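*Asks:* Before we start, here is the structure in question, set down as structure tokens.
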Amino acid sequence: MLEPFFWDVDFAHLDWETHQDFIIARVLSEGTWGAVKWLRTRLGDENLRNWILSKKGGPLDPRQLSFWQLILELPGKEVDSWIRARKESIWGRRLAPR
């Protein structure tokens, strides 16, 4: 179920204990709803919330951050600052209309 999201690594060598941050980040940013449900069951919403907070949104884009803000009741001011930082980054500015 998760293997398609890890096309760039040897999936057989991924280990939850060793690669937890990588797995969480990839599932949140690239995973299907089924993969996200698996992650929420595996990690629990409180731990997922704490992970997102500790990583300041991790690899999530503004749309994904807004979604998880609602689902996990993340603090709005923090999420807004992460979104603003992403939009002001060189990668965020490349998408802005000129």
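*Asks:* Within segment 36-53, identify whether any single residue is modelled with pLDDT under 95 and either closer than 19 Å to residue 86 by Cβ or touching an Asp or Glu at 6+ places or on another chain (Cβ under 9 Å) (or both), and answer yes or no. Before you say what the answer is, go through the steps one by one.
*Replies:* Here is the first cut: in segment 36-53, the residues modelled with pLDDT under 95 are none.
No - not one qualifying residue is present in segment 36-53.
Results for (1) under 14 Å from the mean Cα position of the chain (by Cα); (2) not basic (Lys, Arg), shown as yes or no for each residue.
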residue	(1), (2)
25	yes, yes
34	no, yes
45	yes, yes
55	yes, no
63	yes, no
77	no, no
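*Asks:* With the structure loaded, tell me whether residue 38 is out of contact with any helix residue (DSSP H, G or I) (no Cβ under 8 Å at 6 or more places or on another chain) and hydrophobic (A, V, I, L, M, F, W, C) or whether it fails that test. Break it down into steps so the answer makes sense when it comes.
*Replies:* Values: out of contact with any helix residue (DSSP H, G or I) (no Cβ under 8 Å at 6 or more places or on another chain): no; hydrophobic (A, V, I, L, M, F, W, C): yes.
Against the criterion (out of contact with any helix residue (DSSP H, G or I) (no Cβ under 8 Å at 6 or more places or on another chain) and hydrophobic (A, V, I, L, M, F, W, C)), residue 38 does not qualify.
*Asks:* Further, regarding this structure: So which of 10, 61 ends up being among the acidic types (Asp, Glu) and surrounded by 13 or more Cβ atoms within 10 Å (Cβ to Cβ)?
*Replies:* Working: 10 fails: surrounded by 13 or more Cβ atoms within 10 Å (Cβ to Cβ).
Answer to the selection: 61.
*Asks:* Let me ask something else about it. Which condition breaks for residue 92 when tested against (1) more than 16 Å from the chain's Cα centre (by Cα); (2) surrounded by 15 or more Cβ atoms within 10 Å (Cβ to Cβ); (3) modelled with pLDDT of 95 or more?
*Replies:* The single condition residue 92 does not satisfy is (3).
The values are calculated or read from the model by the stated rules, or taken from the named source; none is laboratory data. All values derive from a computational prediction rather than experimental measurement. All Cβ positions, glycine included, derive from the backbone under ideal geometry; neighbour counts span all protein chains shown.
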